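Below: the structure, in structure tokens.
The values are calculated or read from the model by the stated rules, or taken from the named source; none is laboratory data. Quick caveat: nothing in here was measured; it's all calculated off a predicted structure. Ideal geometry is used to build each Cβ from the backbone, glycine not excepted, and the neighbour counts take in all protein chains shown. The protein model used for the area step is the full one, side chains on, heavy atoms only, and it has no ligands, DNA or RNA in it. Shrake-Rupley method; radii C 1.70, N 1.55, O 1.52, S 1.80 Å.
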Amino acid sequence: MARKFSDLHCHNHMRAHFHMQQKRKKFERKGEFTPWTVIASNRKGYLKGKMGAAYSQADLVKAWNGNVRLTFNSLYPLERQFVRGLDKLNTTDLLHILIGTTTSHHLPLRDLIQVFYMRIPKVAVDHFQSIDYDYWESLQHEKDFVLIDSGVTIKKNEIHTSGVIRRIFENEFKRSKAFKKELIAERARYFIPKTRDELIKSLKDDKEITMILTIEGAHSLGSDRATVAELSRRVKYLKEEWEAPVFFITFAHHFNNRLCGHAHSIPDKGKILLNQSRNLNKGFNEKGRRIARELLGLNKNLERDPKFGYRILLDVKHMSAQSRKDYYEEIVLPCLMNGDQIPVIASHCGYSGIEKLQDLINNYDLEKDDYTDPKTNKFNAWNINVCDEDIEVILKTGGIFGLSFDQRILGITKKDKDSPRNGIQLLWENIEGIVKGVYSNKNLSEDQKFQIWKSMTIGTDFEGLIDPTDFYPTALEFEIFANNLVFEIDQARKKSNTKYLEHLQSREDCEKLVDDFCFNNAEAFAVRNFPIP
């Protein structure tokens, strides 16, 4: 039986939606307006494992052919800061001033970056830059787009190559024959469940992808413009009017959502084009606390209240360490004390190698490029990554951790970017680092410590324009990754008699552990926590 895979955080539809949303009627006439349509991309970038900007990492065709059978597909209205120039150039460096000025959205170079590097059509870029671009409205369009073919078995997907020159040099027919797994899915199907019974039935059917809807960023509610009362109404609308439930929302993202502080996420070079300083590394404000409670179905007294509907879980990825500290201390742990377990999700993270949230907070000013943990110098110690305290709360609440496939997040620095470490070793180091931290944590029982093996899964962040670890740039390489991980764990158990590996007595035990990591843990978590509208 072929190994199945899940992905706790990816964007299966995003490239197609970005490309077609502004010219819907044109693509509908051609029969291409569907999440199954593959937007032809830069194959050289894929083969070299470059940053996933100009090539697809997890479109539905790659997911289908990579045997991904459970996907937590994240809806994401693009934050306008990605396509607009800086409000203010915070530099005295002449080169940086030149780059920052010439890439303003008022000048064509900014558009060229998006169009040719990310292959987003200029009409879409213009829309994202305009004052008419509204996150909440965009979220509705995106939801409608992913629902189009839910439950429909397609005979074969379409391929779209934009531009006359590209169509000449990137012949669709020849490419689809030569690279079938990358471009063609036949008799394929995905299904978005509306109820837990539908979820369980879909998960048993290996002939379809079970797609669970999630949202990346509370800015999607329109928090940049809407009042808190309007945001509250929109949360209610999600729960009562959407055809399928939202499983979780990644509450923060790269820029100020006016609800809680976000973690530092953009490398030093990126600051030339992007400014995330507003509300960076801050905590929750009162408006954010209210919206967080209402998403979770809680009233002011942290009691479940039917008027707030079903529970949409919060994903703490991109929350600053201070925001996570606020969330745990003010909502999660008090509710746990009262018998209400709110599972904490960290959907696409790396391990920081740091013990406490307060340590991450104290180290904010150290977060320069290539900043790693002082103990091992292995892990990216920015506060965007989880520490031992985060994992402790995840275990105590029955939550889940998703391992990102972004090499920078996992701890690759300039000096080891081209080293053998940039592959399975890097991914295993992050998994093992988390497990070691758990087994040395005196606040956890032995049962809770062992539970870490049931609380981790894949959370790639594919189609989030990440720079993937070597050898695993897309969902098509998941099987290679799994086999490599089995080998690494098997070698580790043979070389040591550490307590956290003592339950592994054979290679078969290692294979079962990897099966859990690749699919079973995410499946069990979904079934256990799927909302009942």
According to a simple spin-label model (label point 7 Å from Cα along Cα-to-Cβ), what is the distance in nm between Arg278 and Gln425?
4.3
Run the numbers on segment 316-463 and let me know its relative contact order in percent, using alpha-carbon pairs under 8 Å that are six or more apart.
28
Protection-proxy order for peptides 393-401, 277-285, each taking the mean of Cβ atoms within 10 Å per residue, highest first
393-401, 277-285
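Measure up Lys181/Lys512; Lys143/Lys236; Lys23/Lys156 against 24 Å on the Cα-Cα distance and list the ones that go over.
Details: Lys181/Lys512 27 Å; Lys143/Lys236 16 Å; Lys23/Lys156 22 Å.
In this structure, Lys181/Lys512 lie more than 24 Å apart at Cα.
Once you have a ≥ b ≥ c as the square roots of the Cα gyration tensor eigenvalues for segment 159-280, tell me rounded if a/c is under 1.5, and otherwise prolate or oblate according to whether a/b is larger than b/c.
oblate
Taking 4 °C and 1.567 mPa s as the conditions, I'd like the Stokes-Einstein D for segment 291-415 in µm²/s, using the Kirkwood hydrodynamic radius from alpha carbon pairs. Numbers along the way, then the final one.
Numbers: Rh = 15.2 Å.
So the translational diffusion coefficient is about 85 µm²/s.
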In nm, the gap between the two label points placed 7 Å beyond Cα toward Cβ at Arg43 and Asn338 is 5.8
Descending Cα extents along the principal axes, segment 400-533, whole Å
48, 39, 30
Under 18 Å from the 7 Å Cα→Cβ point of Lys269, by amide nitrogen: which residues of segment 390-413?
406-413
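Taking R0 as 56 Å, what FRET efficiency do you get between Lys375 and Lys155 from their Cβ-Cβ distance, rounded to the nearest 0.05?
Given R0 = 56 Å and the Cβ-Cβ separation, E is 0.55.
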Taking every DSSP beta bridge that has both residues in the chain, what percent is antiparallel when rounded to the nearest 5?
15
For n ≥ 4 DSSP H runs only, could you compute -39500 (n - 2.57) per run for the chain, divide by its residues and tell me the 222 nm figure to the nearest 500?
-10000 deg cm²/dmol
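Using a Förster radius of 56 Å, what is the FRET efficiency between Lys180 and Asn301 based on their Cβ-Cβ separation? Nearest 0.05, please. Walk me through the numbers on the way to the answer.
Details: r = 57 Å, r/R0 = 1.02.
E(calc), rounded to 0.05, equals 0.45.
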For the chain, the accessible surface attributable to carbon and sulfur atoms (probe 1.4 angstrom, ligands and nucleic acids excluded) amounts in percent to 52
For segment 434-490, the spread of Cα positions along each principal axis, largest first, Å
38, 27, 15
Accessible surface, per residue, of the chain when the full set of protein chains is kept, probe 1.4 Å, Å²:
42
Here, segment 213-365 modelled as identical Cα point scatterers in vacuum has Debye log10 I(q)/I(0) at q = 0.09, 0.12, 0.16 Å⁻¹ of -0.28, -0.50, -0.89
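With a 10 Å radius around each residue's Cβ, average the other Cβ atoms per peptide and rank 451-464, 493-506, 239-252, highest first.
On the way: 451-464: 23.9, 493-506: 13.4, 239-252: 20.6.
Peptide ranking by packing, descending: 451-464, 239-252, 493-506.
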For Asp416, Asp315, the accessible-area ranking with a 1.4 Å probe, largest leading, is Asp416, Asp315
Mind putting together the pair-distance distribution for segment 10-70? All Cα pairs, 5 Å bins, whole percent per bin, short to long.
4, 19, 25, 23, 17, 9, 3, 0
If the chain between Lys499 and Ile480 were fully extended at 0.36 nm per residue, the gain over the current Cα-Cα distance would be 4.1 nm
Quick one: if the Förster radius is 35 Å, what FRET efficiency do Lys414 and Lys122 give, using the C-beta to C-beta distance and rounding to 0.05?
0.55
For the pairs Lys48/Lys368; Lys30/Lys122; Lys207/Lys454; Lys4/Lys287, flag any whose C-alpha to C-alpha distance is greater than 31 Å.
Lys4/Lys287
Of all alpha-carbon pairs in the chain, indicate the percentage at a distance above 30 angstrom.
47
When the convex hull of the Cα atoms of segment 249-296 is projected onto a plane and the area is averaged over all directions, what value comes out in nm²?
3.4
